[in-house]
Amino acid sequence: MSDASEWTAGADVDWDARAAVFDDEPDHGLRAPETRAAWAERLRGWLPGQPSDVLDLGCGTGSLALLAAEQGHRVTGVDASPAMVERARAKLAGQDARVLRGDAALPPVAEESYDVILVRHVLWTLPRPAEVLRHWRTLLRPGGRFVLVEGVWGSLSPVGTPVDEVTALLAPLAGRIRVEPLSGDPLLWGKAVTDERYAVLAEI
């Protein structure tokens with residue numbers, strides 16, 4: 001999904017209308033080689049070293065899904081917006097990947113089918129995140145992992161989820177949890193940022 005600082009609350013956004021310009025944001029389209037390379041390097045550290053099944057929830061136009069597929073993973077993307085799904089399918093054409101239309105909170109996939117659940121800037125938009133994470137855990141195989149990229153954006157009316165809240169939600173579900181701060185890497189965002197951006201990596 002989006003860099004939340006560019007949008008209002010996620011549930012209020014018409015993502016079909018936004019799809020045509022979604023990739024204009026540096027961290028969405030990953031059009032700049034240095035931004036694309038920065039995200040690719042992060043994914044290499046977050047995803048398993050061997051080919052794995054990755055579920056990208058709220059995949060948007062599929063930029064991260066494409067990077068994962070290019071690194072040899074089998075990727076399923078899910079997004080509720082038909083326009084986003086269409087663009088993601090075009091972007092992922094020829095890869096070992098599929099894109100489904102569906103609710104990120106209740107994706108149309110089978111239990112214990114994935115090694116990784118990858119979510120960027122989506123969890124903060126969903127009601128009842130604790131319930132959502134419990135359901136997502138059922139989709140992971142034993143030894144699977146969450147890769148959650150989230151943050152708190154804006155200063156006057158900040159939106160998002162602080163990292164301590166995400167780790168607390170994951171604590172009952174995961175054995176090992178690691179936080180990777182992302183605010184200090186301007187290559188990821190196409191600019192310097194001062195707000196809270198992070199990745200939480202949790203192994204079940």
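The values are calculated or read from the model by the stated rules, or taken from the named source; none is laboratory data. Computed from a predicted structure; not experimentally measured. Because the Cβ atoms are built from the backbone with ideal geometry, glycine has one as well, and the counts that use them run over all protein chains shown. Protein only, heavy atoms only, side chains kept; ligands, DNA and RNA dropped before computing areas. Shrake-Rupley method; radii C 1.70, N 1.55, O 1.52, S 1.80 Å.
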### Task
With the condition kept exactly as written, say whether any residue in the stretch 29-40 is within 19 Å of Ala104 (Cα to Cα), of a type outside the set (Phe, Trp, Tyr), buried (at least 16 other Cβ atoms within 10 Å of the Cβ) and in contact (Cβ under 8 Å) with a residue 60 or more places away in the chain.
no
## Note on the structure
Those residues of the stretch 57-79 which are among the acidic types (Asp, Glu) and either open to solvent by less than 10 Å² (accessible area, probe 1.4 Å) or under 14 Å from Pro108 (Cβ atoms) (or both) amount to Asp79
### Whichever residue in the stretch 131-185 is open to solvent by less than 50 Å² (accessible area, probe 1.4 Å) and charged (D, E, K, R) and, among such residues, is nearest to Leu118 (Cα to Cα)
Glu150
### Task
Quick one: which residue in Arg120, Arg98 is open to solvent by 10 Å² or more (accessible area, probe 1.4 Å) and in contact with a Ser or Thr (Cβ under 6 Å, 6 or more places away or on another chain)?
Arg98
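Does Asp3 count as crowded, with 18+ Cβ neighbours inside 10 Å, of a type outside the set (A, V, I, L, M, F, W, C) and at pLDDT 95 or above?
Values: crowded, with 18+ Cβ neighbours inside 10 Å: yes; of a type outside the set (A, V, I, L, M, F, W, C): yes; at pLDDT 95 or above: no.
Against the criterion (crowded, with 18+ Cβ neighbours inside 10 Å, of a type outside the set (A, V, I, L, M, F, W, C) and at pLDDT 95 or above), Asp3 does not qualify.
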